[in-house]
Every structure is written in structure tokens, then in C-alpha cells.
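The values are calculated or read from the model by the stated rules, or taken from the named source; none is laboratory data. Being a predicted model, the structure only gives us computed values, none of them experimental. We place every Cβ from the backbone using ideal geometry, glycine too, and count neighbours over all the protein chains shown.
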Amino acid sequence: MAADQIIRPDVSWPDIDTVLLDLDGTLLDKHFDDYFWEEYVPENYSLLRNLSIEQARAELRERYRQVENTLDWTDLDYWSGELGLDIPGLKSRVNQLIAVHPFVMDFLKYCRQRQKEICLVTNAHSKTLAIKLQKIAIGPLFDRIVCAGEVGCAKEDFRFWPRLAEMLGYDRERTLLADDTEKVLRSAAHSGIRYLIFVAHPSSRQPVRYSGEFASIEYFNELIPDNEEPTADGSGGRKR
């Protein structure tokens, strides 16, 4: 996408009270999840079932596809039962790959300093969330953490956002949501959330992919006003 075609964010911070943030691909590098489900699980499944890696990967991709956009998609207990593998245990073995995107901590601190209500809203299973928050100490920066399982449907489902609004009590006109999935943003737009931000670089191992529908950012420093933007090393200071 040409630079002049990218939809840039137009955020008025005085008009925002609540910040809703996705986890995987938005705050955390999606490389961990991509590697886990596309490489590590197929390797272990192939050994368990005496299949080639290619056969295991093909079978798993079809099984993944069948439950995409449902709660089963991210349910570790579901996949442990389906595959005969200890999925939480396998995740813990490769947790060294869990990493925060650049400028995320600066953005969270910026929102906290301006007394915005910050909520983590994720499709992740509670066991996945526990593994990641144990590795990356960002949990205390949120006022509320909501897993889709508590809401009863995935974020892609149009029913999710009215239910979440009832749970959290936010004003949709004064709320910002950042997510790396366009289908989630479409669902949120249907519910009336005003500020919608697409994260265009969910995995450090994949190229940037801007949205043609939503305002896009590569990193969260793009949402911090220029005179308060952190330096590349995250130390803070005026942008040059």
C-alpha cells in the first residue's frame, strides 16, 4: 500500500476515557503464537501420531480452520483434549519467545498518566493469559482484564461488544480500541465504538500490512502526541 493511501489515526485524547487493547499481535509479538501453532504443535503432534511434519501441519490447519472465530479456537483445554497433547505445558516450554512490541510500555504509561481507563480485552484462554502475564509484567497496568470466555463469545462476534459495554460500562463515543484483526474492528464498529485502530505489524517476523478500512499504526508511539513521544530506546523525550 502506498504511503499516501494509509489511513492515519486521528485521535483526540481529551475525548477518550477508555482504552481497550487486544493482547496477541497488538501488545505482544504474534511470532510466539505463530511459531507455537504452526511449528511447535505440529512437531509434537507428528511424533505422537507417527506422521510427517507436513501431514501433521495439514491436518492441524484443517482442524484449526473448523473452529476459527469461536471460543474453541483459543481454548487450551479444548486443544489438549482434541490433540492428546499438554498444550499449556508445551506453551510454557517455549515461553522465551513471548515478547512485548516496541513502545507498548510507553503507551500504557502514557494512558495511565492521563487517567484513562485501560482494559485488556482478549480472545486468549485464561491459561494462555496466565503464562504470558507471568512472563511479561504488564498486568498491573490494566484496570480490568477480560477474556472472551467471560463474555461468552469471541470478539469477532457482533454480540461480544454490547455485552462487554454492559460489563465495563464505557461510553462507546469516548472509547478507543486497538486490535490487529480487521474482523474484530468491524464487529466493534457495528457496536458504535468511535476510535478504532488497526495494528499493522502484529509479528516481528512478518511484513507490515496496513488496513484499507481502518486507521493503522505500526507501533504505539504513533498514538502518543509528538511533544511527548518516547525515543527509540523507550526513554522518552521530544521527537526530532
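Give me a count of the residues in the range 47-75 that are more than 30 Å from residue 159 (Cβ to Cβ) and polar (S, T, N, Q).
The first filter runs over the range 47-75 and keeps only residues more than 30 Å from residue 159 (Cβ to Cβ), leaving 47-59.
Narrowing the set further to residues that are polar (S, T, N, Q) leaves 50, 52, 55.
The number of residues fulfilling the criteria is 3.
On the given criteria, is residue 149 free of Cβ contacts under 8 Å to residues at least 60 places away in the same chain and touching a Leu at 6+ places or on another chain (Cβ under 7 Å)? So residue 149 does not fit the description; no.
If you check 105, 167, which single one turns out to be in a helix (DSSP H, G or I) and either within 24 Å of residue 34 (Cβ to Cβ) or in contact (Cβ under 8 Å) with a residue 60 or more places away in the chain (or both)?
On the way: 167 fails: either within 24 Å of residue 34 (Cβ to Cβ) or in contact (Cβ under 8 Å) with a residue 60 or more places away in the chain (or both).
Unique residue meeting the criteria: 105.
Set side by side, the residues 140, 162 differ, and just one is at pLDDT below 95, under 28 Å from residue 77 (Cα atoms) and surrounded by fewer than 17 Cβ atoms within 10 Å (Cβ to Cβ), which is 140. If you check 96, 134 for being assigned to a helix (DSSP H, G or I) and at pLDDT below 95, only one passes: 134.
Do you know which of the residues in the range 72-111 that are farther than 30 Å from residue 11 by Cα and of a type in the set (Asp, Glu) is surrounded by the most Cβ atoms within 10 Å (Cβ to Cβ)?
75
With a cut-off of at least 3 residues that are crowded, with 18+ Cβ neighbours inside 10 Å and among the hydrophobic types (A, V, I, L, M, F, W, C), name the strands (runs of 3 or more DSSP E) lying wholly within the range 173-232.
Answer list for the range 173-232: 175-179, 195-199.
Scanning the range 71-92 for residues that are part of a helix (DSSP H, G or I) and free of Cβ contacts under 8 Å to residues at least 40 places away in the same chain, we see that the one that is nearest to the chain's Cα centre (by Cα) is 72. Inspection of the range 114-128 identifies no residue that is in a loop (DSSP other than H, G, I, E, B) and acidic (Asp, Glu). For residue 103, the stated conditions do not hold, so it cannot be described as in contact with a strand residue (DSSP E or B) (Cβ under 6 Å, 6 or more places away or on another chain) and closer than 29 Å to residue 225 by Cα. Filtering 77, 17, 22, 72 for residues that are touching a Lys or Arg at 6+ places or on another chain (Cβ under 8 Å), of a type outside the set (Val, Ile, Thr) and not assigned by TED's automatic domain parsing to the domain that holds residue 178 leaves a single hit, 77.
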